[in-house]
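Undergrad: Handing you this structure, nothing more for now.
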Amino acid sequence: MKYLVYILTLLSLLSCTKTELGPQCEDCPKEPITTTNFTDVLIVNEGNYTNGNASLSFYKSETQEVYNNVYSNANSGLPLGDVAQSALQIGDKLYVVVNNSSKIAVLDANNFETIQTISGFNSPRYILPINNQKAYVSDLYANAISILDLNTSTISGTIPTNGWTEKMLLHNDTAYVCNYNNSKILIINTATNTIVGDIATGKGVNSITLDKNNKIWVLCNGGINEEIPSIVQFNPTNRVIEKTILFTDITHSPSNLTFNDVKDEFVFINQDVFKMSINDNSLPSTPFITRTTGSLFYGLGISPINNEIYIADAKDYVQKGDVYRYSYSGSLIHQFEAGIIPSDFLFFNQ
Amino acid sequence: MKHFLFILFFLPFFCFAQTDTTITYTTFELQEDKILPSYKTTLIDSARSKTALTLAELIQNNSAVFIKSYGTGLASISFRGTGASHTQVLWNGITLNSPMNGQVDFSLYPTVFFDNVSLNYGASGLNAGNGALGGSVILNNGVNFTPHFKSTIQQAAGSFGHYTTSLSSSFSKNNWFSETQLYYTNQQNNYPYKNNTEIGSPIETLDNAKKIQYGFQQAIFKRIKNQTFGVRFLYYNSDRNLVAPITSRTTKEKQQDESVRCLFEWKGNYKKLHYKFLSGIVKDVINYEETTTNNKSNNETYLFDNLINIKLHLNKNIIINNNFNIRYEVANANGLTNKKKRFNNSWLLGISQKYNRINIDVINRFLMVGDEQQPVAPNVNMLFQLLKKKELYIKVNTGINYHYPTFNDLFWVQGGDANLKPEESKMAEMGLLYKQNTPFINTKTELTAFYNYVTNWIIWLPTEFGYWQPKNLQEVENKGIEASLELSSPKAKAIKISSSVHYTYTLSTNKKAKLNNDNSLEKQLIYVPYHKLSYYVAAEYKKTAITYQFNYTGKRYVTSDNDWYMPANYISDLILSRKMELNDKFNLVGSFKVNNLFNQDYQSIAYRPMPGRNYLLNIALGFKK
């Protein structure tokens, strides 16, 4: 019997050689990816809150090849962080906003290697380039928009706000910012970095985008059973709301209003995916793309080169999600697996 | 404040008589009927309890049950692949599981507050109450009417700003028994760890990990002929920072826990009748705060637990057991909109019979929870002695148990669903037990194969509406093997050796697809290790003792599709202690413990680093009369 104890002791001594630390991927390819071109798509996988499992997936639309964990593979196995919110390409650089890690990772757009990590944010959400010098970063808890100096990759200042700021839009040197918890769009003079006014919308403003007639469209999810969700169109020149389309059900939580290339039609998620024209005055009665059992449409993107629609299915949030690639007419081209909670799409522009 | 006054009131009780020595352990009345239990159970005795500071650490090192530890604070349990709320925790007969989430935080139980712990596996949990789908943890305090007086005061100091002070006294005279424990700990937990989220894994220091906890327990029991009456009171207050994962270090969470427990017990026997009445109140308050987002929550729960147990010894071979449990649960929390209350009652009827070498227990529990009734929750145990002269037994055990949805499942805003069904577990196990005592060594070996199938398992799933909702959608099959070996040398030997090994192999498989193309189907549940092993060996010669303990937690997945896993960890501890008799009344025990002897860098949960090698020095001054 004592021998058993000795054997066990020896076993535990042997264990000293162990080197793996933290979560490991079971059968993931580990090779880094090198070049990207304008037909490629980057998928931001949010990951679970506090689990640190955010990741980036890379999709070559021409060959239908999928590469998961590209950030990790390009950066000696390091995790991207906790809750990756959005990504943006500016020139040769990718800016990945990692919400709960309070940082923006600046990556080389050709190989995903880290160039720099910008910290000092509170809970960053989206990034909006204003000119070659600066960008705005919206924030969930900071009560401020951070001004990012694009040359030095440092925070050069802040614009105080009241509450949660979400997606942003730049039009004629004016920034329009969704003020999620205050049911309004903030209007910012980008020359002076000051808020010059606001436009009242519905609760939970989560999307903002511009159509071909230079009208701004926003989508309000209505909060959680607080208000009927709505689509609001306003004229930025006189700040007058010209159209409000109400949803039918207070429990609904629509999101991701996204325009096509010529900006005359848009799609959005409301459990299923719906498609509308800017001239429509009511919601479509039937979905454009229907979900299957257990699907949870969570993110959406339209490719600027061919109008193909990419839909992220987060499923149950705890396993890897799916991405569906549809033609603009609504036929499925390809379905593939991405990371945990795929949410944002970035279409490379070079 | 009120509680503090209460403590002050009791202080003089033991202060004037303060003296005492080695932790005084009283004789236990754990197995009231001195027969071998016919189900699988692990007893962690008082001697082993001394080797750990918290219940989490104790169970981790002395059984193969998995403790999910978040580092410095928060620890939950997983028995045989089930969830944290599927383990019932009882304190001297009173249920401690929160009516809100059904769980207990195992990091908040200092070992000084109890004498021993028994872990009951599988269907045998039904004996303790409804809700135990995986097993139950039973915290016991003994009552000793042998005239005595003993007291121990201990001071521990360790790495990373750790100071713990405790006092434990008990005395008995004229059929009165009183015991008192006091506990205070202050831990900075500012330990270095390898930051595996940065290039080169630099060594950094854990921040925002402080913990202060104090507590107090007082029991007074009186024996009159063949009856005993007693009250037991326990209070603790804990103020701690919850460490954020390395990947989100701007999060600053803190939590204050306060718990008040009081129970009244009356037991005795009249002719062939054994009776026991228990009445207890458990009040738990949790104040949580996230300082950067100013997110606060305040939870208050009350449990009123009443137990009437009547055992009739019909003859030498037949016992009829009647158990009425009237429990009232109350919760008041931000997330529940208004105060929630319900009765959670049950009635257990059981017969234990003995024929020659076979013991059979048949029990049934009738459950009445809220408006719902579940008349049939049975459990059949059998113990069969294979050979007449050898202590070789076969154990067979099967049963059904239910776990009712918690208040959070039913009423949480947003998402709670009042129409949820109870979770149901069908369990079966079979085991071999062999005991042998020789002049050189005593051994106890046990091998068990278990199976349980849980249906209507409640899981919270995201919805299209922007919040999560609980659903009776999961079905899980848990099966595995448990093996244990306990060795000890008879007391008379000059060198006393004791050792135990506990091993479990668990396959915990998701059997139901929740969606099309479900990658979690037929996969191992997250944070259920396939392999878990713990062992210790202790040797004592004259007044010096040395203990080595080892704990292995195998690979466990962190995503339900089993793409990502946490690597196995192997942790060793070493304890050296020496006892000095100062005179015939006083003694001094000094012990030095090295935790994580080989300085393993590891994380039990993703991105929550555990401490490397660290030291704890403990001095105990004991008095005995």
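Read-outs: derived from the displayed coordinates by stated rules, not from any lab. Given the structure is predicted, the values throughout are model-derived calculations rather than measurements. Here the Cβ positions follow ideal geometry from the backbone for every residue, glycine too, while neighbour counts run over all protein chains shown.
Undergrad: Computed on alpha carbon atoms, what radius of gyration and Dmax characterise chain A, expressed in Å?
TA: 21.9, 88
Undergrad: While we're on this one: Dividing the alpha-carbon radius of gyration of region B:388-427 by 2.2 N^0.38 Å (N being the number of residues), what value is obtained?
TA: Dividing the Cα Rg of region B:388-427 by 2.2 N^0.38 Å gives 2.15.
Undergrad: So, one more: Any chance you could check the Cα centroid distance between region A:69-140 and region A:247-291 for me, in angstrom?
TA: For region A:69-140 versus region A:247-291, the Cα centre distance is 29 Å.
Undergrad: Another question, if that's okay. Rounded to the nearest angstrom and ordered from largest down, what semi-axes does the equivalent ellipsoid of region A:66-138 get from its C-alpha gyration tensor (root of 5λ)?
TA: Details: eigenvalues 75, 46, 19 Å².
They are 19, 15, 10 Å, listed from largest to smallest.
Undergrad: Rounded, prolate or oblate: which fits region A:196-296, taking a ≥ b ≥ c as square roots of the Cα gyration tensor eigenvalues, rounded meaning a/c under 1.5, else prolate when a/b beats b/c?
TA: oblate
Undergrad: Under the Kirkwood approximation for Rh and a Cα-based Rg, what ratio Rg/Rh is obtained for region B:213-319?
TA: Taking Rh as the inverse mean 1/r over Cα pairs, Rg/Rh reads 1.25.
Undergrad: Another question, then. On a straight-distance basis, which aspartates and glutamates could pair with B:Lys296 in a cross-link, Cα separation under 18 angstrom, same-chain partners fewer than 8 positions away excluded?
TA: Partners found: B:Asp239, B:Glu253, B:Asp257, B:Glu258, B:Asp284.
Undergrad: Next up: Run the Debye formula on the Cα coordinates of region B:474-574, all scatterers equal and no solvent, and tell me log10 I(q)/I(0) at q = 0.13, 0.14, 0.18 1/Å.
TA: Evaluating at q = 0.13, 0.14, 0.18 Å⁻¹ gives log10 I(q)/I(0) of -0.60, -0.66, -0.86.
Undergrad: For region A:9-155, state what percent of all Cα-Cα pairs lands in each successive 5 Å bin, counting from 0 Å until the bin that includes the largest distance.
TA: P(r) over region A:9-155, rounded to whole percents: 2, 9, 18, 20, 17, 13, 8, 5, 3, 2, 1, 1, 0.
Undergrad: Rounded to the nearest 20 Debye, what is the dipole magnitude of region A:250-320 about its Cα centre when Lys and Arg each give +1 and Asp and Glu each give -1 at the C-beta?
TA: Dipole about the Cα centre, nearest 20: 220 debye.
Undergrad: Which trypsin sites (Lys or Arg not before Pro) in region B:467-496 sit in a loop by DSSP (not H, G, I, E or B) and have at most 10 other Cβ atoms within 10 Å of their own Cβ?
TA: Taking region B:467-496 and a limit of 10 other Cβ atoms within 10 Å, the loop trypsin sites (Lys or Arg not before Pro) found are B:Lys491.
Undergrad: Let me ask something else. Quickly rank B:421-434, A:333-346 as a protection proxy: mean count of other C-beta atoms within 10 Å, highest first.
TA: A:333-346, B:421-434
Undergrad: Given +1 on the Cβ of Lys and Arg, -1 on the Cβ of Asp and Glu, and no further charges, what dipole in debye does region A:106-244 carry about its Cα centre, rounded to the nearest 20?
TA: On the way: 9 positive and 11 negative charges, 68 e Å.
Dipole size: approximately 320 debye.
Undergrad: Something else now. Beyond 16 Å, what share of the Cα-Cα pairs of region B:527-595 is found? Please give it as a whole percent.
TA: 63 percent
Undergrad: Calculate the mean, over all residues of peptide B:506-515, of how many other protein chain Cβ atoms lie within 10 angstrom of the residue's Cβ.
TA: Details: counts 0, 0, 0, 0, 0, 0, 0, 2, 5, 11.
Average neighbour count from other chains, rounded to a whole number: 2.
Undergrad: To continue, here is another question. Peptide B:597-609: average number of partner chain Cβ atoms within 10 Å per residue?
TA: That average works out to 4.
Undergrad: Then there is this: For the protein assembly as shown, compute the orientation-averaged projected area of the C-alpha convex hull (one quarter of its surface), in nm².
TA: Details: hull surface 162.8 nm².
Taking a quarter of the hull surface, the average projection is 40.7 nm².
Undergrad: Find the all-direction average of the projected area of the Cα convex hull for region B:247-369, expressing the result in square nanometres with one decimal place.
TA: Result: 12.2 nm².
Undergrad: Next question. Counting other beta carbons within 10 Å of each Cβ, put B:Val231, B:Val143 in order, fewest first.
TA: B:Val231, B:Val143
Undergrad: Where Lys and Arg each count +1 and Asp and Glu each count -1, what net charge lies around A:Ile250 among other residues with Cβ under 15 Å from its Cβ?
TA: Summing Lys/Arg as +1 and Asp/Glu as -1 gives -3.
Undergrad: If you filter region B:253-305 for trypsin sites (Lys or Arg not before Pro), then keep DSSP loop positions with at most 12 other Cβ within 10 Å, what is left? Show your work: numbers first, answer last.
TA: Values: sites: B:Lys254, B:Arg261, B:Lys267, B:Lys271, B:Lys272, B:Lys276, B:Lys283, B:Lys296; in loops: B:Lys271, B:Lys272.
Here the trypsin sites (Lys or Arg not before Pro) that fit, given the DSSP loop and packing criteria, are B:Lys271, B:Lys272.
Undergrad: How many angstrom separate the Cα center of region B:34-106 from the Cα center of region B:152-203?
TA: 18 Å
Undergrad: Order by neighbour count: A:Ser76, B:Ser136, B:Ser352, fewest other Cβ atoms within 10 Å first, most last.
TA: Values: A:Ser76 12, B:Ser136 27, B:Ser352 21.
Ordered from fewest to most neighbouring Cβ atoms within 10 Å, A:Ser76, B:Ser136, B:Ser352 come out as A:Ser76, B:Ser352, B:Ser136.
Undergrad: For region B:421-513, report the % of Cα-Cα distances exceeding 17 Å.
TA: Of all Cα-Cα distances in region B:421-513, 65 percent exceed 17 Å.
Undergrad: Count, for each residue of B:248-255, the Cβ atoms from other chains sitting within 10 Å of its Cβ, then give me the mean as a whole number.
TA: 5
Undergrad: Which of rounded, prolate, oblate describes region A:93-221, given a ≥ b ≥ c as roots of the alpha-carbon gyration tensor eigenvalues and a/c under 1.5 marking rounded, otherwise prolate only if a/b is larger than b/c? Working shown, then result.
TA: Numbers: a/c = 1.68, a/b = 1.53, b/c = 1.10.
Since a/c reaches 1.5 and a/b is larger than b/c, the shape of region A:93-221 is classed as prolate.
Undergrad: On a 0 to 90 degree scale, rounded to 10, what angle separates helix A:2-14 from the longest Cα axis of chain A?
TA: Once rounded, the angle reads 50 degrees.
Undergrad: Still on this structure, I have one more. For region B:307-363 and region B:408-422, compute the distance between their C-alpha centroids and round to whole Å.
TA: After rounding, the separation between the Cα centres reads 26 Å.
Undergrad: Okay, helix-only estimate at 222 nm for the protein assembly as shown: each DSSP H run of n ≥ 4 adds -39500 (n - 2.57), divide by all residues, round to 500 deg cm²/dmol; what do you get? Can you show the working numbers first?
TA: On the way: 6 runs with 49 residues, N = 975.
My calculation for the protein assembly as shown gives -1500 deg cm²/dmol from helical runs alone.
Undergrad: Quick one: divide the alpha-carbon radius of gyration of region B:130-249 by 2.2 N^0.38 Å and tell me what you get.
TA: 1.56
Undergrad: Another question about this same structure. Please say if chain B is rounded, prolate or oblate, where rounded means a/c under 1.5 for a ≥ b ≥ c the square roots of the C-alpha gyration tensor eigenvalues, and otherwise the choice is prolate for a/b larger than b/c and oblate otherwise?
TA: rounded
Undergrad: Compute, for chain B, the length of the dipole vector about the Cα centre, with Cβ point charges of +1 (Lys, Arg) and -1 (Asp, Glu) only. Units Debye, rounded to 20.
TA: Using Cβ point charges on Lys, Arg, Asp and Glu, chain B gives about 2340 debye.
Undergrad: Excluding B:Ala538 itself, what net charge comes from residues whose Cβ is under 10 Å from its Cβ, given Lys and Arg +1 and Asp and Glu -1?
TA: Counting the neighbours of B:Ala538, the net charge comes to +1.
Undergrad: So for region B:31-151, what percent of the C-alpha to C-alpha distances run longer than 24 Å?
TA: Within region B:31-151, distances greater than 24 Å cover 23 percent of Cα pairs.
Undergrad: Distance cut-off 18 Å, Cα to Cα: go down the list B:Lys542/B:Lys579; B:Lys339/B:Lys471; A:Lys203/A:Lys243; B:Lys40/B:Lys491; A:Lys315/B:Lys68; B:Lys225/B:Lys271 and report the pairs above it.
TA: Those over the limit are B:Lys339/B:Lys471; B:Lys40/B:Lys491; A:Lys315/B:Lys68.
Undergrad: Further, regarding this structure: Within 10 Å, Cβ to Cβ, of A:Gln335, how many net charges do the neighbouring residues add up to if Lys/Arg are +1 and Asp/Glu are -1?
TA: -2
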